[in-house]
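Working notes, beginning with the structure itself.
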Amino acid sequence: MSLSSSKEVYLKKGVAVIPAVFTEDECAQMKISAYSVTDEAITKARYPHVPSEKAYNKKSLIFFPALANFNLNNVRTDPRRVHNVKTCLGDNVRQINNKVYFREPEDIDTFAWHRDTIFRESSQFKTNVENDYLQTIIAIDDITEDNGAVEFIEGSHTWEDFETPNNLRQFKREGLSGTKYVALKGDVMVWSVKIVHGSEVNGSDRSRMTYMNGFCKSDSVLDYPDYLVNGKVVHEINPERIP
Ligand SMILES: O=C(O)CCC(=O)C(=O)O
């Protein structure tokens, strides 16, 4: 699927998969990098918040690992990423999030139905965040229906309202059902900040690691580090710009 047809699908359904953006070898390197980044290294690189989260008994998520890892930073600023972001958001863009989700079978992690608008502080983002924000993940492992695939309710980005969950880390079906989006390692998935999605526990014996990067048009957000300025990529994340 070409990038322009992925964009059409994204606009219509609120989510799209761009196949085979990164190679299997690159994914293997990303995985090694993700496991090598320590909380101490992220903190030392001046990330201003708690550098990781645990789900139940295990580290499940790391924040801004690109601050502390050369390879993950290179992937973030890779020309294939830049092309994808530019096609969707233009020449002036900020980096809003940068995370690795481990999603190992033993971590019992889940996500309730939610919209990513719940993470976008109203003090930072203008009301047009809905059109000007792009959420992306790189599948580092194959994503299958049984290993905690994110389930999206296609078209729900056009719904008027959706209630914020009480507990984000507890999936409850609540009568809703969507499509579990599968992908091969190296595929990129993009989704709207307004699409309703969630994920059940990884019930397989395989991990389902993803590398998330979220971007917003610079004009639509107050702070956050620059990603593209006049079409040119900014290679270093400035941690002082992370609110
Ligand atoms: O990777 C997942 O399972 C869920 C991620 C997610 O829903 C999010 O970060 O908004």
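All of the numbers you see were taken from the coordinates with simple rules; none came from a lab. Bear in mind the structure is a predicted one, so any value in this text is a computation, not a measurement. Note: ideal-geometry Cβ built from the backbone for every residue, glycine included; neighbour counts use all protein chains shown.
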Expected sort for TYR227, TYR56, TYR181 with the fewest Cβ neighbours (10 Å cutoff) up front is TYR56, TYR181, TYR227
Residues meeting the amide H criterion for LEU61 (H placed from the backbone, H to H distance under 5 Å, 5 or more places apart or on another chain) are GLU53, PHE102
For segment 68-192, the Cα-Cα pair-distance distribution in 5 Å bins from 0, as whole percents, is 2, 8, 16, 21, 21, 18, 10, 3, 0
Per the charge dipole of the chain (beta-carbon charges, Lys/Arg positive, Asp/Glu negative, Cα centre), the residue among ASN147, CYS88, VAL50 reaching farthest to the positive end is CYS88
Per 10 angstrom bin, beginning at 0 and ending with the bin that holds the maximum distance, the Cα pairs of segment 3-234 fall in percents of 8, 33, 41, 17, 1
Here, trypsin sites (Lys or Arg not before Pro) of segment 27-125 satisfying both criteria (DSSP loop; at most 16 other Cβ within 10 Å) are ARG46
Applied in sequence order to segment 229-234, the curve 6.51 cos²θ - 1.76 cosθ + 1.60 (Karplus, θ = phi - 60°) yields integer Hz couplings, x standing for Gly and Pro, of 10, 6, x, 9, 6, 9
Total charge of the residues flanking GLU106 in space, meaning their Cβ is under 13 Å from its Cβ, with Lys and Arg +1 and Asp and Glu -1, is +2
Of the listed pairs LYS7/LYS194; LYS58/LYS172; LYS180/LYS217; LYS54/LYS99; LYS54/LYS217, those with alpha carbons more than 19 Å apart are LYS58/LYS172; LYS180/LYS217; LYS54/LYS217
Sparse-neighbourhood loop hits (GluC sites (Glu not before Pro), segment 103-144; DSSP loop; Cβ within 10 Å at most 14 others) -> GLU121
The distance between the Cα centres of segment 93-142 and segment 32-68, in whole Å, is 16
